[in-house]
Amino acid sequence: MKLAIKLVAALVLLIGALVLLVPQFLSSEKIWAEVSSQVEQQTGRRIQVEGTPELSLFPALGLQLKGLKFANQPGSKVSQMLTAEQLTLRLAWSSLWSGTVRIDEFVLEKPELYLEKNSKGQANWQLLAGDKQPAAAAAGSAPSSAAALPDLQLGDIRIVDGKLSYQDAQTGSAQQLDNLQLSIEIASLKSPLRLQGEADYRGKTQKLDLSVDHLAALLAKEPISLQLELDNDLLALKLDANYQTNLQGKLELEAGSLRELLAWFDVQTQASPEVMNKLELKSTVLLTDNDLQLTGLSMALDQLKLTGEQRVQFLQPVKVSGQLALNTLDLNPYLGLHPQQESTAAAAATQDWDLTPLDLSALTQLNLDQQLKLAGLVFQQIKLGPSEMKLVLNNGKARFDLAKLDAYQGKGSAWLELNAASKPYQMASQFNLTGVAAQPLLTDAAGFDKLLGTGQISGQLASSGLHQKALVEALNGTVSFRFADGAIRGANIAAIVRSAGQALQGNLQAVNLDKDFSESEKTDFSELSASMQFAAGIGQSSDLHLASPLLRLTGNGSLDLPKRQVDYLLSPRLVASIEGQGATEAGKGLTIPVRVKGPWTAIKIRPDISQTAKDKAKQKIEDKVKDKLKGLLGGG
């Protein structure tokens, strides 16, 4: 604004000088040489024109300059800060003596304005001689009031086919406006101003409508009110605000497609087509330099409803911090994930782990520090209830802290760390859930629905990879659980032990050893616990324990997550009558190992009677030897 005022003042001075000197038959070339010299002294920049300035005296003072050039700061890659094909200015004669500057016409044709900050942060629009005031002088002088400013009356004020470029050598950012068309309506400097125009930005035409209630107050750095509307085929923005040293007011924003809006700014997303669409935002805003604060924020995106407060710091990268409350958030479509949608765990388990590449590059494009309250959260097949989360994202490294977590009828806490700054992606987590329902949790987490019960599960896990399958294959850590009052669905272990016992007694008609998992059978338990150590996706366990009124069971084995297979050797012992499960008191105390093995969708369960038979035969031989010895020794 200072630059514009100084240029206008210089041009007014030029016209006044011309009027005074024309009668003395001085040439316009000499006059321009004198004026351009004065401009250079005042601004520290050289101003030039091509050819001879064209002057007119009636009906108003007129000036037409062609090939206008205004030099840039030293060391810039672009030699000219401002160029224009033609400048036409008409000034009312009364401006020379009335104290009111009346510009009947100011038309700048095909101007190109180049704004930049160099590597030292110096802005070319601030390196004017008039701005280089000593600090003491600047501090001791009060800004002019709006009342002290000379009045200004404007007529036809336009910019035609302009171009505006901005370069920041410190951040590497570059912006450009093309085909700039601008008109200004203002009766006087102390009257409301309206600025309307349009320009092409990133290949789309932007329409601008700006109203300021008092231009003189703006120039004097006094409070003003303004209304801004910015519109293109992707975005509609409305701002009703007050401004002095900062901007404060009400903001409304609407975008038909957030996906297309982000793409317009060269931000690509892997989100599914059904999301990242309509966006609506309303908020109170406070803008100071490189800091934007949003309070009373209300936002709707797709099916999401968000409220809270946000702060946006325009750093490199941008940092967004604040608090948000929102309804259930399904992360899958926003991360471009496609979890299995089968209706049963058995169908899901027939699928291999997903090989779809994960693209987490978006996590490196901004920093976050957020407190979130969610009505629910969905990630792949995992579903969480009401939760409180803290999310910190710094240069591609994220940490999710779930201080309050409701999930699968239980409660708990968890944290997850994710490093997306380098590949393969690194992940680490810790969790502790109590009162959780085993079947829905394991079904969603691993496609395994054979375990029922309620209890506690905790663990620490870490992995790395670029897709789900790789993450499973690289899984390391520990998991432990303890469930109560549940069942292992698909097998009646007590009945299998009884059948094996009948075989050992020679009652082959009662034997049924070829048992697969069956939905109609189960093994009830009052307590089930185990811990498991994972390495390369394979978990090893040696402390499996099951207790029920009918049997006691211990076991050891492995859980192969990459292959979705299980291999366990169980040692069950019948401890009571099991009439209800087809047994008799004769089976009480019987111990026969049972092998559980196979893929999750076709697990086989077999009694291991070979060792039991050997032990029983050995016992019979020992009994016979004892009988013989007794006969030989006369022990009768």
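Mind listing just one residue for me: the one in region 315-353 that is modelled with pLDDT of 85 or more and farther than 26 Å from residue 406 by Cα and, of those, most open to solvent (accessible area, probe 1.4 Å)? Restricting to residues being modelled with pLDDT of 85 or more and farther than 26 Å from residue 406 by Cα, the top hit is 319. Take the residues in region 403-425 that are in contact (Cβ under 8 Å) with a residue 24 or more places away in the chain, in a strand (DSSP E or B) and more than 25 Å from residue 315 (Cβ to Cβ); name whichever of them is farthest from the chain's Cα centre (by Cα). That would be 410. On the stretch given as region 446-468, residues that are outside any strand (DSSP E or B) and within 24 Å of the chain's Cα centre (by Cα) total 3.
Within region 374-390, the residues that satisfy the criterion of being surrounded by fewer than 16 Cβ atoms within 10 Å (Cβ to Cβ) and in a strand (DSSP E or B) are 382, 390. Go through the residues of region 440-451 one by one and say whether even a single one is surrounded by 20 or more Cβ atoms within 10 Å (Cβ to Cβ), under 30 Å from residue 526 (Cβ atoms) and modelled with pLDDT of 90 or more. Checked region 440-451: no residue is surrounded by 20 or more Cβ atoms within 10 Å (Cβ to Cβ), under 30 Å from residue 526 (Cβ atoms) and modelled with pLDDT of 90 or more.
Has region 103-126 got any residue that is touching a Leu at 6+ places or on another chain (Cβ under 8 Å), at pLDDT below 80 and either hydrophobic (A, V, I, L, M, F, W, C) or open to solvent by 40 Å² or more (accessible area, probe 1.4 Å) (or both)? No, every residue in region 103-126 fails to be touching a Leu at 6+ places or on another chain (Cβ under 8 Å), at pLDDT below 80 and either hydrophobic (A, V, I, L, M, F, W, C) or open to solvent by 40 Å² or more (accessible area, probe 1.4 Å) (or both). Would you confirm, using the coordinates I've provided, whether residue 198 is part of a strand (DSSP E or B) and among the charged types (D, E, K, R)? For residue 198, the condition - part of a strand (DSSP E or B) and among the charged types (D, E, K, R) - is met. Take the conditions (1) under 18 Å from residue 450 (Cα atoms); (2) modelled with pLDDT of 90 or more; (3) in contact with a Pro (Cβ under 8 Å, 6 or more places away or on another chain); residue 545 misses just one of them, which is (3). Of all residues in region 78-98, which are open to solvent by 60 Å² or more (accessible area, probe 1.4 Å) and in contact (Cβ under 8 Å) with a residue 24 or more places away in the chain? Within region 78-98, 85, 90, 93, 96 meet the criteria.
Evaluating residue 146 against the criteria (1) at pLDDT 85 or above; (2) surrounded by 16 or more Cβ atoms within 10 Å (Cβ to Cβ); (3) farther than 27 Å from residue 49 by Cβ; (4) not β-branched (Val, Ile, Thr) leaves one unmet condition, (1).
The values are calculated or read from the model by the stated rules, or taken from the named source; none is laboratory data. What you see is a predicted model; the values in this text were computed from it and never measured. Here Cβ is always computed from backbone atoms with ideal geometry, including for glycine, and neighbour counts include all displayed protein chains. Ligands, DNA and RNA are excluded from the accessible area calculation, which covers all protein heavy atoms including side chains. Shrake-Rupley method; radii C 1.70, N 1.55, O 1.52, S 1.80 Å.
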